[in-house]
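The values are calculated or read from the model by the stated rules, or taken from the named source; none is laboratory data. Source: prediction; values computed, not measured. Note: ideal-geometry Cβ built from the backbone for every residue, glycine included; neighbour counts use all protein chains shown. Each accessible area value is taken on the protein alone, full model and side chains, heavy atoms only, with ligands, DNA and RNA left out. Shrake-Rupley method; radii C 1.70, N 1.55, O 1.52, S 1.80 Å.
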Amino acid sequence: MTMIGALALLLVLLAPPARADEAFVTSQPAETLSIVDLASRKVVATLPIPGKPAGIAVSPDGTRAFVTSPDGKALSILDAATRTVTYRVEVGGGPLGVAVHPSGSPAYVADWYQHRVVAVDAASGAIAGEVKVGDSPSGLAVTPDGALLLSADRDSDAVSLIDTATLTRLASIPVGARPFGVTIDAEGSRAYTANVASNDVSIIDLAARKVVATVKVGERPYAVALAKGRAFVTDQYDSTVSVFDTGTLQKLVAIPVGDYPEGIAASRDGAFVYVACWEANTLEIIDTATLKVVDTIPVADGPRAFGAFIRRTRE
């Protein structure tokens, strides 16, 4: 072996092992957060989170996780690396959906009962402000540039657009019946709402502030993930994930998954989509190339994983 080759081998041996991204899965009845290593596809930690945790958001840099507890009226802020709760913030009402500004702070919490969104400073746990929205806000999402926050206002059949700089509600956009999950594309140009009561997905042009298309999916859609130019939608009552092309809007397939799929998220490279199945107590993995389930991971009772639950652990 040459000296250069030996040096290269030494550097490889000394380098820290690469870590896979992780899934942070809230389980509501079990009152836990399951952390799944996505390389080994095994649960590597289970943390107690009181108050029936439902919503989850992991900061874009992977340093923090934010978990809502509707029954506990609280937001838990976790150090994602050490798996410890650093703050438990009393937000009142019924905290459900949660999202994080791309900068890592603040976190935004949807208060289902008081029809508002609360901003929480990630570093201190202090309440930074609030804004009134429509009735029963559920899913939240922030545009990639951090300028706009979207709130799916379930009982108003609408989505609120909020200026994050001023916490001002700019518009209310009518969508399908009972929107729950909302997802924004990587370009920040379109948003997708899963409309529970009308069994469809509304596609919003954010610049025009209006719905430009509606796609029928399965029964009781809950949330949407985007990967490889396709939308993946959890159909709770059908126990399927509906897939449609985001360009042509053609429905491609309904993939059978575990009973009562809810939270859904894509891997950063778009190769896989992860689905939390409430009744099956599983996290299921869909290969986006074959559009088939390739693995099933047991997790704690009643997984919801409502929100952006994939944690970045490496570049």
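Which of the residues that make up the stretch 177-217 are in a loop (DSSP other than H, G, I, E, B), surrounded by fewer than 20 Cβ atoms within 10 Å (Cβ to Cβ) and not polar (S, T, N, Q)?
The answer is Ala177, Asp185, Ala186, Glu187, Gly188, Ala197, Ala207, Ala208, Arg209.
Among the residues of the stretch 65-77, write down those that are assigned to a strand (DSSP E or B) and touching a residue at least 40 places away in the same chain (Cβ under 8 Å). Explain how you work it out, then say what you get.
Initially, the stretch 65-77 is screened for residues assigned to a strand (DSSP E or B), giving 65-69, 74-77.
Once the filter is applied, which keeps residues that are assigned to a strand (DSSP E or B) and touching a residue at least 40 places away in the same chain (Cβ under 8 Å), the stretch 65-77 yields Ala65, Phe66, Val67, Thr68, Leu75, Ile77.
Please work out which residue is farthest from Asp71 (Cα to Cα), limiting yourself to the stretch 111-168 and to residues that are among the hydroxyl-bearing types (Ser, Thr, Tyr), over 20 Å from the mean Cα position of the chain (by Cα) and assigned to a loop (DSSP other than H, G, I, E, B).
Thr166
What number of residues in the stretch 151-171 are under 22 Å from Ser198 (Cα atoms) and open to solvent by 60 Å² or more (accessible area, probe 1.4 Å)?
Residues that pass the stated criteria total 1.
Among all residue pairs at least 6 apart or on different chains, which show Cβ distances below 6 Å where the first residue, located in the stretch 156-179, is acidic (Asp, Glu) and the second is surrounded by fewer than 21 Cβ atoms within 10 Å (Cβ to Cβ)?
The qualifying pairs are Asp157/Ala177; Asp163/Leu170.
Out of (1) hydroxyl-bearing (Ser, Thr, Tyr); (2) open to solvent by 60 Å² or more (accessible area, probe 1.4 Å); (3) more than 28 Å from Thr143 (Cβ to Cβ), what's the single condition that is false for Ser27?
For Ser27, the exception is condition (2).
Of (1) touching an Asp or Glu at 6+ places or on another chain (Cβ under 9 Å); (2) surrounded by fewer than 22 Cβ atoms within 10 Å (Cβ to Cβ); (3) closer than 23 Å to Phe309 by Cβ, Asp145 satisfies all except one. Which?
Among (1) touching an Asp or Glu at 6+ places or on another chain (Cβ under 9 Å); (2) surrounded by fewer than 22 Cβ atoms within 10 Å (Cβ to Cβ); (3) closer than 23 Å to Phe309 by Cβ, the lone unmet condition for Asp145 is (1).
So, in the stretch 85-105, how many residues would count as being open to solvent by less than 60 Å² (accessible area, probe 1.4 Å) and over 21 Å from Gly134 (Cα atoms)? Can you show your working first?
Filtering the stretch 85-105 for residues open to solvent by less than 60 Å² (accessible area, probe 1.4 Å) gives 89, 91-102, 104-105.
Next, from what is left, pick out any that are over 21 Å from Gly134 (Cα atoms): 89, 102, 104-105.
Looking only at that region, the number is 4.
Just name the residue that is most open to solvent (accessible area, probe 1.4 Å) out of those in the stretch 54-72 that are hydroxyl-bearing (Ser, Thr, Tyr) and out of contact with any strand residue (DSSP E or B) (no Cβ under 6 Å at 6 or more places or on another chain). If you could, list the steps in order and put the result at the bottom.
Within the stretch 54-72, the subset hydroxyl-bearing (Ser, Thr, Tyr) is 59, 63, 68-69.
Filter once more, so that each one left must be out of contact with any strand residue (DSSP E or B) (no Cβ under 6 Å at 6 or more places or on another chain): 63, 69.
Details: Thr63: 66, Ser69: 0 Å².
That would be Thr63.
Would you list the strands (runs of 3 or more DSSP E) that sit entirely within the stretch 219-315 and hold 1 or more residues that are closer than 21 Å to Ser27 by Cβ and of a type outside the set (Val, Ile, Thr)? Step through it out loud before you land on a result.
On the way: elements: 221-227, 230-235, 240-245, 251-256, 261-266, 272-277, 282-287, 292-298, 306-308.
It comes to 221-227, 230-235, 261-266, 272-277, 282-287, 292-298, 306-308.
Quick one: which of Leu47, Leu38, Leu75, Leu33 is closer than 25 Å to Arg116 by Cα and buried (at least 16 other Cβ atoms within 10 Å of the Cβ)?
Numbers: Leu47 fails: closer than 25 Å to Arg116 by Cα; Leu38 fails: closer than 25 Å to Arg116 by Cα; Leu33 fails: closer than 25 Å to Arg116 by Cα.
Matching residue, one of Leu47, Leu38, Leu75, Leu33: Leu75.
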